[in-house]
Amino acid sequence: MNLQKEEKKFWQKHFRIEKLDDIPKEWNNIGGYGYGDEQTDEYFYFISLRVQIVHEIYLKESYVSDEGVKYMMNFKELKKLYLRKHKEISKVSITYFNQMKSLESLNITKTQITLTDLCENLNNQSLKEVFLDSEENEENIEEKGFILKERMPNCNVYLDCSNSTDAFGNSEKPIF
């Protein structure tokens, strides 16, 4: 089986791969920072056609939208998904996060997704930590924290931070 023209151009451009047999079926991670032309929805479409396992994805300020997250859903064993500063990622992606059965850590800070969106839609029992921004008042945060903790008791939700530790190695406190 050979690669189709567009797919062949993709693999040559991004990875210098000429033949289908040379594409690894398992990748440890995919990462990128900034608005280069590297990580787009199309990028994840082509990778999802051939790569079965990706363990971690770290993206900051790429061109990935909800459509790209839909393609990421196809990666088996995806444990960490870091999608910081993606203005085109909305609550539509929560449905895809729910279907990622190996997902343990999700960072969706500086996206369109709110704590309210998570309360209404997030239900992934494999998640251990979620990071997001909040513009809620303190009363609403507590109420929504209870809702999430009841639904996903093994998951810590962190607001307004990107890691479970600060720059000095001190633990950040989850909302619940």
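The values are calculated or read from the model by the stated rules, or taken from the named source; none is laboratory data. If you're wondering where the values come from, they're calculated on a predicted model, not measured in any experiment. Cβ placement follows ideal geometry from the backbone for every residue including glycine, while neighbour counts extend to all protein chains displayed. All accessible areas refer to the heavy atoms of the entire protein, side chains included, with ligands and DNA or RNA removed. Shrake-Rupley method; radii C 1.70, N 1.55, O 1.52, S 1.80 Å.
Can you put Arg16, Arg84, Arg151 in order of accessible area, largest first, using a 1.4 Å probe?
Details: Arg16 210, Arg84 45, Arg151 65 Å².
Per-residue accessible area, sorted high to low, gives Arg16, Arg151, Arg84.
In the chain, what percent of the accessible surface is made up of carbon and sulfur (1.4 Å probe, ligands and nucleic acids excluded)? It would help to have the intermediate numbers written out before the result.
Working: 4320 of 9860 Å².
About 44 percent, which is the carbon plus sulfur part of the accessible surface.
Take the Cβ-Cβ distance between Cys161 and Asn28 as r, set R0 to 25 Å, and report the resulting FRET efficiency rounded to the nearest 0.05.
That gives a FRET efficiency of 0.50.
For Lys128 paired with Lys5, estimate the spin-label separation in nm (one decimal), with each label point 7 Å from Cα along the Cα-to-Cβ line.
That separation, rounded to one decimal, is 4.8 nm.
For the range 1-129, what is the accessible area per residue in Å², given a 1.4 Å probe and the full set of protein chains? Please list the in-between numbers first.
Working: 6800 Å² over 129 residues.
Roughly 53 Å² per residue, with all protein chains present.
When each pair of different Cα atoms in the chain is counted once in the 1/r mean, what is the Kirkwood radius in angstroms, to one decimal? Show your work: numbers first, answer last.
Working: mean 1/r = 0.0589 Å⁻¹.
Mean inverse Cα-Cα distance, inverted, gives 17.0 Å.
Take the Cα radius of gyration of the range 24-83 and divide it by 2.2 N^0.38 Å, with N its residue count; two decimals is plenty.
Working: Rg = 10.3 Å, N = 60, 2.2 N^0.38 = 10.4 Å.
So the range 24-83 has a normalised radius of gyration of 0.99.
Can you compute the FRET efficiency between Lys19 and Glu143 using 1/(1 + (r/R0)^6), with r the Cβ-Cβ distance and R0 = 45 Å? Round to the nearest 0.05.
On the way: r = 55 Å, r/R0 = 1.23.
Using R0 = 45 Å, I get an efficiency of 0.25.
Taking only DSSP H segments of four or more residues, each worth -39500 (n - 2.57), what value at 222 nm results for the chain once the sum is divided by all its residues, to the nearest 500 deg cm²/dmol?
On the way: 6 runs with 56 residues, N = 176.
About -9000 deg cm²/dmol.
Report the charge-dipole magnitude of the range 1-76 in Debye, nearest 20, computed about the Cα centre from +1 at each Lys and Arg Cβ and -1 at each Asp and Glu Cβ. Let's see the in-between values first.
Working: 11 positive and 14 negative charges, 53 e Å.
That gives a dipole near 260 debye.
Output the pairs from Lys60/Lys87; Lys70/Lys91; Lys110/Lys149 with a Cα-Cα distance over 18 Å in this structure; if there are none, say none.
Table pairs above 18 Å Cα-Cα are Lys110/Lys149.
Given charges of +1 on the Cβ of Lys and Arg and -1 on the Cβ of Asp and Glu, with all other atoms neutral, how large is the dipole of the chain about its Cα centre, in debye to the nearest 20?
Working: 24 positive and 31 negative charges, 164 e Å.
Roughly 780 debye, rounded to the nearest 20.
Report the net charge of residues surrounding Tyr82, where surrounding means a beta-carbon distance below 15 angstrom and charges are Lys +1, Arg +1, Asp -1, Glu -1. Present the calculation step by step, with values, prior to reporting the outcome.
Details: positive: Lys60, Lys79, Lys80, Arg84, Lys85, Lys110, Lys128; negative: Glu56, Glu61, Glu104, Glu129, Asp133.
Counting the neighbours of Tyr82, the net charge comes to +2.
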